[in-house]
Every structure is written in C-alpha cells, then in structure tokens.
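The values are calculated or read from the model by the stated rules, or taken from the named source; none is laboratory data. Nothing here was measured: the structure is a model prediction, and the numbers come from that model. Please note: Cβ atoms are built from the backbone with ideal geometry, for glycine as well, and neighbour counts cover all protein chains shown. Only protein heavy atoms, including side chains, enter the accessible area calculation; ligands, DNA and RNA are left aside. Shrake-Rupley method; radii C 1.70, N 1.55, O 1.52, S 1.80 Å.
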Amino acid sequence: MDAIKGHEDKSETRAEFVQALEARLGCEIVVTGTDVAVYCRDWHGDIQSDAVAVLRPRSTAEVQDCVRAAIDLGLQVVPQGGNTGLVLGAVPDAPDRQVVVSLERMTKIRSLDADNFSAVVEAGIVLEDLKEKVAQEGLYFPLALGAQGSCRLGGNVATNAGGVNVLRYGMTRELLLGLEVVLPDGSLFEGLNCLRKDNRGIDLKQLFIGSEGTLGIITAVSVKLLPAPEQVATALLALGSLEDAMTLYRRARRQCCDLMSAFEFMPPIAFELAKEGMPDLVLPMQAEYPAYVLMELSGSGLVDIDDLMVRFVEFAFEEGLALDGVIATSQAQARNLWLIREGMNEGQAKRGKHLRTDISVPLSRMAEFVSEVEAKIGTEMPDAICVSYGHVGDGNVHLNVLPGSRGDVDEQIYCAKQIANEVLDRYNGSISAEHGIGRLKKDDFSQRLTDVHRRLLESVRSAIDPALTMNRGCQIDL
Ligand SMILES: Cc1cc2nc3c(=O)[nH]c(=O)nc-3n(C[C@H](O)[C@H](O)[C@H](O)COP(=O)(O)OP(=O)(O)OC[C@H]3O[C@@H](n4cnc5c(N)ncnc54)[C@H](O)[C@@H]3O)c2cc1C
C-alpha cells in the first residue's frame, strides 16, 4: 500500500489545528487520531493517506460551520461521501493542511412528493437506502451501481455517476431537479427546487454536477423519481465475441423498444473473478464462450416483459448470436446473475494492484477499440491479463489490466495505461466515462486539455473558490 506522508515538522501545528477545531466545532463533530485512517484510504486499499481531522457535521448549518472554521485556520477541505470513488477524489493528499468533511451523518429524506415524482434528500444518504425508501412508496430512483450499498448521493452528484441503467435513464445529471451547496466561503447556494421545467437564466446546479468537490459541498439534492417498474426480466447470454455483443445490443435497442434498462458485457474470466470475490456465489453456467452479456428489460402496465425477453432471446439464438443462456425465473436468480457482474470488482481487487480504466468510445467503434488495445497489450505485455467489461451499451468499457508476475507492478500498470490511452486518443475517446478525474487521472486529463478548455476550467474554479479551499489537488492543479 502506498502512503501519502505528512511532514514531521508540522506535527505540532496539526495538534494545534485539532485543538482549534474541537474548540470551535465540538468533539462530537471532530474525529481525530487513529479513527482518521479509514476515511483516508481508497476503496481498493492501494493508497493510505492522512488528514488533520475528519469533520462529521449533522446539518447544513454545521457544514457551513466546518467550512468557515477551515477557512479561518487556513485549512483545505476534502468533501467525502461513501469514499467508493476510484480516482482518489475524496482521499486527501496534503495531510497537514486538509480536513475531510464527511457527509455520512446527513442521511434524511427531507420530503417526498409522490404526485410530483420527486424527493428532497440529504446528500449523505447511502444510494441503496434512498432506493429502498422510495420503493416503499411504489417509486423508483434509477441510479444503480455496484457500490450502491456504500456510495452516498452527494458523491454520486459530485462524480455525475453512471452505472448500469444509464442507457435508459441517463447519468446522475439527468436524474436531478435541484441542489443545495455550501460554497467555499461558507455561504449557501439554495437551489433545491422540484420543478421539471425552469429556464430562469443559467442553470447553476449543472456546475456542481461532476465537480468532484472542487466547487463546494453538496448538502441536499432534489431528485426525480419514476413509477417503480412492476416487471423486470434478466438474462445472461453467452456469445462468440464482443462484436456479436454489439450487434445484439443494436438489435435489442430496436426490438425491445425503450424497455431495455441494462446491457452489460463480461469476458469469460468474469466467472473466475466473481468466484474469487464472492466464494459462495453459485455460477449458472461454465465460462466456455468468449463473451457474455447480462441484459435486463423492465416496465409496467400492459406490456408483458417476460414474454418480450423470451422472444428476444429466441431471436438471438435463431440469428446465431446467442450460443447459450439463461433467463432468470425468480428475483433471487436475477440477483445471482447480477452478483457475477458485481463480484468481478471484488475479485479484481483481491488480485492486488492493477490498471483500472473507465473509457468511452463511440458505440460503433467499441469492439474494434477493445480488440486493438488487447492485441497491443498482448504483444507488449504477454504476461498480463486484460479484463474488459462494462456498460458497453453506453460505449463505456472498463479495460482493466492485471499485471503479470514478471516485472515491476507499477511499471506494468503505467505501460498498459500508455498503450490504452494512445489508442483511445486515436478513437477520440474519453479517459473518464463515469468515475471522474480525482487525483489519479489529473495528469492524463491535463495533457489532453486545450488552452481554451483549461482557461475556462481555471476561471470557473477561481471565480467560485479564489482561495482554493475546496479539494485542492483534485481534477487540475491551479
Ligand atoms: C465496486 C464499485 C463499483 C462502482 N461502479 C460504478 C459505476 O458503475 N458507475 C460509476 O459512475 N461509478 C462507479 N463506481 C465509483 C463510485 O462508486 C462513484 O464514483 C460514486 O458516485 C462515488 O460516490 P461516493 O459517495 O463514494 O463518493 P466519494 O468517493 O466519497 O467522493 C467522490 C468525489 O466526490 C466528492 N464528493 C463526495 N461527496 C460530496 C459532496 N457531498 N459534495 C461535494 N463533493 C463531494 C469527493 O470530494 C470526491 O471528489 C464504483 C465503485 C466501486 C467501488
């Protein structure tokens, strides 16, 4: 595990900061000592950092107090939700100068308006809790990702999270109506309306979506809700190649109308990794084919979703696209199929440090892109294992590389990243389809910025946060 160390000669100053924070905010809010470590570690456990303290406010007013206290002491603020981000955005990098502000105690649903299909929710709510609570009212919040049992709504907004349902419902940006944000000077942006249509000038909330904690701390969110789907059908299909998977996707887009809610691609190694990540997992089939697709249709009312899925799967076999497959016949079976997809992440984490990418290319070039990168890595790093999977229906692939046993791990990760990025640039793709830039991808992001793009980013940031209090070191260096 790499450690980000503080400077020894600052230890006294740190103690003074802690004392001042406790005097101002109270010991109830300020976490110090060994309890700080868990907030300063990334999800994979690759990096262990440190901070002056962790602040755990219980209300928007207390978040304002925390920010004002940090400003007065000359400290920087690193906002944090569930700390499941994969690019070190919520992991401090200046331990003697930064406090983490965790939203974990702000978890209330302030109001829910079933007739307006909306709710106003505090930003620290765990995504899964939000989904479960609105489901009790027959409503649905469609954001769905592997980390939903730990990530928090404010973190989802700050990263503009994607997930498995984007192809039907869009990214987090499309699921919001309003935001409340504590700004870097401690003042409050009150933008929590629940209107579907509101064209009063520039839509300022958009600035904070995807800002990764650099422009303020999101304290509450107005979310759009939908009627809960009454029928969900899930199938796992084995295919001959990623190219066939993309063909199947195009067919599904047309034949399943707008009722397809997920289309996830997995390579055969997914089964092995899922089993390593979740040893109790019961696999529904052997990993005998080059490619697998996990597909979900959902809807309500008069459409028969199960029948639609059966007819589509029959079609996939007739066309020679599907070579094997199962359709879940119960919710438990469907959940089990999804666990393969989710267990893959755990399995990869257990194999140690590896390259994780979060790439997007035009949908039409996805198969070509993946095969070009994998071929290059196969030639230059024959010992390494490529694990390409993900939300291919959005043109988004996690082209991960597990280093081989020969050679330095960090060097192999760097080499694989350079190969992937070189091909990506030729495809006009994005180095971050959904995870954001954080601290991990800052250099790769910076190298690809045009002068105008950089100037605009710097202008926005320095207009809202001239003292650079918020998440300095994240996204770009100023
Ligand atoms: C197993 C696994 C699967 C994942 N799958 C997906 C996926 O499918 N799609 C996807 O998009 N991501 C995925 N992720 C990444 C991660 O879960 C998302 O980026 C998520 O939105 C982060 O939320 P969080 O609460 O954990 O944020 P954190 O990790 O705590 O923070 C992320 C960033 O947001 C900032 N931030 C957090 N809270 C606030 C706030 N209240 N106000 C302002 N800034 C804030 C932080 O400073 C940081 O820069 C996955 C992660 C894991 C571990």
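The table for this structure:
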{"quantity": "At R0 = 35 Å, FRET efficiency that the Cβ-Cβ distance of ASP304 and ARG173 yields, to 0.05", "calculated": "0.60"}
{"quantity": "Nearby aspartates and glutamates by direct alpha-carbon distance to LYS205 (threshold 19 angstrom, same-chain neighbours under 8 apart not counted)", "calculated": "GLU122, GLU174, GLU180, ASP185, GLU190, GLU434, GLU458, ASP465"}
{"quantity": "Net charge of neighbours whose Cβ lies under 15 Å from the Cβ of ILE359, counting Lys and Arg as +1 and Asp and Glu as -1", "calculated": "-2"}
{"quantity": "Cut-off 11 Å between beta-carbons: net charge of the residues surrounding SER150, Lys and Arg +1, Asp and Glu -1", "calculated": "-2"}
{"quantity": "When the chain is reduced to its Cα atoms, the Kirkwood hydrodynamic radius in Å", "calculated": "23.5 Å"}
{"quantity": "Rounded to the nearest 20 debye, dipole of the chain from Cβ charges on Lys, Arg, Asp, Glu", "calculated": "820 debye"}
{"quantity": "Per-peptide average of other Cβ atoms within 10 Å, ordering 257-266, 448-457, 433-442 highest first", "calculated": "433-442, 257-266, 448-457"}
{"quantity": "Highest to lowest packing among 198-204, 301-307, 321-327, scored as the average C-beta count within 10 Å", "calculated": "321-327, 301-307, 198-204"}
{"quantity": "Value of [θ]222 nm, deg cm²/dmol, for the chain, DSSP H segments ≥ 4, -39500 (n - 2.57) each, nearest 500", "calculated": "-10500 deg cm²/dmol"}
{"quantity": "Cα-based helix-to-principal-axis angle, 451-464 vs the chain, degrees rounded to 10", "calculated": "50 degrees"}
{"quantity": "nm² value of the averaged projected area, convex hull over the Cα atoms of segment 138-219", "calculated": "6.3 nm²"}
{"quantity": "Signed unit charges on C-beta, dipole axis of the chain, positive-most listed residue GLY155, ASN336, GLY404", "calculated": "GLY155"}
{"quantity": "VAL460-ARG448 pseudo-label distance in nm [points 7 Å out on the Cα-to-Cβ vector]", "calculated": "1.6 nm"}
{"quantity": "Dipole magnitude of segment 208-290 about its Cα centre (Cβ charges: Lys, Arg +1; Asp, Glu -1), debye to nearest 20", "calculated": "420 debye"}
{"quantity": "Calculated Rg and Dmax of segment 271-409 using C-alpha coordinates, Å", "calculated": "17.1, 59"}
{"quantity": "Hits among lysines - C-alpha to C-alpha of LYS417 under 24 Å, sequence gap 8 or more where chains match", "calculated": "LYS350, LYS353, LYS376, LYS441, LYS442"}
{"quantity": "Charge sum, other residues only, whose C-beta stays under 14 Å from LEU175's C-beta, Lys/Arg counted +1 and Asp/Glu -1", "calculated": "+4"}
{"quantity": "Geometric extent, Cα atoms of segment 9-51 - Rg, Dmax (angstrom)", "calculated": "12.1, 35"}
{"quantity": "Enclosed volume per residue, in Å³, of the convex hull spanned by Cα atoms of segment 49-119", "calculated": "103 Å³"}
{"quantity": "Inverse of mean 1/r across different Cα pairs in segment 1-140, Kirkwood, Å", "calculated": "16.2 Å"}
{"quantity": "Stokes-Einstein D in µm²/s, Kirkwood radius over Cα pairs - segment 384-478 at 4 °C with 1.567 mPa s viscosity", "calculated": "84 µm²/s"}
{"quantity": "Length-normalised contact order for the chain - Cα pairs under 8 Å, 6+ apart - percent", "calculated": "15 percent"}
{"quantity": "log₁₀ of I(q)/I(0) at q = 0.12, 0.20, 0.22, 0.29 Å⁻¹ - segment 302-358, Debye sum with one point per alpha carbon", "calculated": "-0.49, -0.87, -0.92, -1.12"}
{"quantity": "Nonlocal amide H pairs with GLY210, under 5 Å, H built at 1.01 Å", "calculated": "ALA158, THR159, ASN160"}
{"quantity": "Gain on full stretching of the segment that runs from ALA37 to ASN199 - 0.36 nm per residue minus C-alpha separation", "calculated": "53.9 nm"}
{"quantity": "Fraction in percent of alpha-carbon pairs per bin - 5 Å, segment 183-300", "calculated": "2, 8, 13, 12, 10, 10, 13, 12, 10, 7, 2, 0"}
{"quantity": "Charge dipole magnitude, Cβ of K and R +1, D and E -1 - segment 429-478, Cα centre, debye nearest 20", "calculated": "40 debye"}
{"quantity": "ASP129 accessible area, assembled protein chains, probe 1.4 Å, Å²", "calculated": "60 Å²"}
{"quantity": "20 Å tail of the calculated P(r), segment 85-239, as % of Cα pairs", "calculated": "50 percent"}
